[in-house]
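Bear in mind these aren't lab numbers, they're just calculated from the coordinates by the rules spelled out. Here the structure is a predicted model, which is why all the values come from computation and not from measurement. Ideal geometry is used to build each Cβ from the backbone, glycine not excepted, and the neighbour counts take in all protein chains shown.
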Amino acid sequence: MAEERAEIFAGAAVLAVAIGFTVYAAQGAGLLADASASYPLTASFRSIEGVSVGTDVRLAGVKVGTVTDLELNPATFFADATVSVRSDVLLPVDSTILVSSEGLLGGTFVELLPGGALENLEPGAEIEDTQGAVSLISLLLKFVGGDGASGDVQP
């Protein structure tokens, strides 16, 4: 009987530790974030390649939110994105949002660049100044193809 109780207590301890690790991992991934501690903003991009729901939204390299929704706007053929930003981060109305890369082989994230206006964006407002994803392949093709815009003298 004493052995059975010891096994039950050991099993309960293992289960409690497993639940603790699961909660810790979910908080780290932002899955258990308090919805009231953030507010939504929208933006419309020409290209949002590499970004998906759950992608980090960063300000000065610090994660301040996530992408919560992506849809194609059939009227403009732009990608409409909704991002959730921490409520303690107040962005001026002239802020910029852009798709950035962590490097040549790094992942993609959404970057916020605050403006200098005195008024702040309200929850649900649209960030109008956007810059979509830049295709590395098209940049390399322009560089290799030499479109003549570099000012080189042609013989």
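Odds and ends about this structure:
- Theoretical FRET efficiency, 1/(1+(r/R0)^6), r = Cβ-Cβ of residue 42 and residue 140, R0 30 Å, to 0.05: 0.40
- A simple count of charges around residue 82, restricted to other residues whose Cβ falls under 14 Å of its Cβ and scoring Lys, Arg +1 and Asp, Glu -1, yields -4.
- Residue 75 paired with residue 8, simple spin-label distance in nm, labels 7 Å along Cα-to-beta-carbon: 6.4
- Listed from fewest to most Cβ neighbours within 10 Å, the set 58, 46 follows the order 46, 58.
- Cβ-derived FRET efficiency at R0 30 Å, residue 16 paired with residue 93, nearest 0.05: 0.05
- Extending 7 Å from the Cα toward the beta-carbon at both residue 120 and residue 24 defines two label points whose distance is 3.3 nm.
- The ranking of 108, 76 from fewest to most other beta carbons within 10 Å of each one's beta carbon is 76, 108.
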